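Values in this text are rule-based calculations from the coordinates and carry no lab data. None of the values given here were measured: they were computed from a predicted structure. Glycine gets a Cβ as well: all are built from the backbone with ideal geometry, and neighbour counts include every protein chain shown.
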Amino acid sequence: MKIAFFDSGIGGLSVLAEALRRFSGAEFLYFADEDHVPYGTKSRAEIVRLSLDAVGFLVSRGADAVVVACNTATSAAISELRGAFSVPVIGMEPAVKLAADSFGARPTLLIATPLTIAGEKLARLVGRLECETWSLALPRLVEFAQDLEFDSPAVWAYLREELAKFELERLGSLVLGCTHFNYFKDVLREILPPHVRIIDGIDGTLNRLASELGGGLKLAHGEDLPSRAAKFDAETDGKNGGKIYYPNGNSVEYFYSGRALDAVQLRKVEIFLKRLDAMWEIG
Ligand code: DGL
């Protein structure tokens, strides 16, 4: 069984990284739409078209299920994707309900892309909550991540300035409503008051994937658990058409907008996964 993950870029690697920890013996595909990132500042119609192309490619490569590891593409295109393909398509929504249920006595601050924040899907979701929910679009954070700029002075200044618009002491939680934001958990942790929880929504998405596939994915247990960093051998992996083998018997075939990754690009993926690994327990 092949499970595909799709994002506009490298953000969805945060969901894939957790899947690599959680499951064993799985064949994964990862599609980053590097030719068209960022999605969050484009029109809904454009994102629908790009998402249909990406998922069409993944299905043509044998995907039995697709995780849209992108809040923006989910917000803009999930109905169209489900209408167009017969494989299960699992979306990713900002975890504002989890935040409200767990810490709803205080307000939630949702950070996401402009498209997600303007979307009807989010308005419906937030409309059903009792909890006070504030939102903030952080499009530059996507660019910083894509440029491998994770904790530069510019990142700190941008986040400090944007978050200063809110009464952070009043907050119960910060919801990361864009998968690219997972790269900045350490910086966000430092800026936020210590009582504010950071919620990413990755677990919820993988729980839905597992239940949708009804036992089609094997859970990794105890001694099988991978050392969380990827095992990478550029010598062989570069010649493997963009495929990397990981502990736990998992493998991932990586594509940038439909092209298999070369050894240099695969080595960069390893840097991203290591960064995500370091962010793992921050919350
Ligand atoms: N990673 C995507 C998300 O979760 C979108 C980033 C972008 O391309 O703007 O929303």
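Values computed for the structure shown
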item	result
Sum of side-chain charges, Val66 neighbourhood, beta-carbon under 15 Å (Lys, Arg +1; Asp, Glu -1)	-4
Computed FRET value (nearest 0.05) for Thr41 with Leu136, which takes r as the C-beta separation and R₀ as 22 Å	0.90
Derived scalar couplings ³J(HN,Hα) [segment 149-159; Karplus, 6.51 cos²θ - 1.76 cosθ + 1.60; whole Hz; x for Gly, Pro]	10, 9, 9, 6, x, 5, 5, 4, 5, 4, 5
Whole-Hz ³J(HN,Hα) from phi, Karplus 6.51 cos²θ - 1.76 cosθ + 1.60, for segment 88-101, glycine and proline x	x, 10, 9, x, 10, 10, x, 7, 6, 5, 4, 4, 5, 5
Given Lys42/Lys97; Lys185/Lys243; Lys165/Lys274, the pairs whose alpha carbons are separated by over 30 Å	Lys165/Lys274
Relative contact order of segment 158-205, pairs being alpha-carbon contacts under 8 Å that are 6 or more residues apart, as %	47 percent
About the Cα centre, charge dipole magnitude for the chain (Lys/Arg +1, Asp/Glu -1 at Cβ), debye	400 debye
Sites Leu213 and Arg61 - FRET efficiency at Förster radius 22 Å, r taken between beta-carbons, to 0.05	0.80
Leu148 versus Asp186: modelled label distance in nm, points set 7 Å from Cα along the beta carbon direction	1.6 nm
Computed over segment 1-160: relative contact order in percent, which uses C-alpha pairs under 8 Å that are six or more apart	22 percent
Relative contact order, percent, the chain [alpha-carbon distance under 8 Å, six or more residues apart]	25 percent
Overall Cα dimensions of the chain - principal axes, largest extent first, Å	51, 39, 37
Calculated FRET value between Gln265 and Ala164, using beta carbons and R₀ = 35 Å, to 0.05	0.45
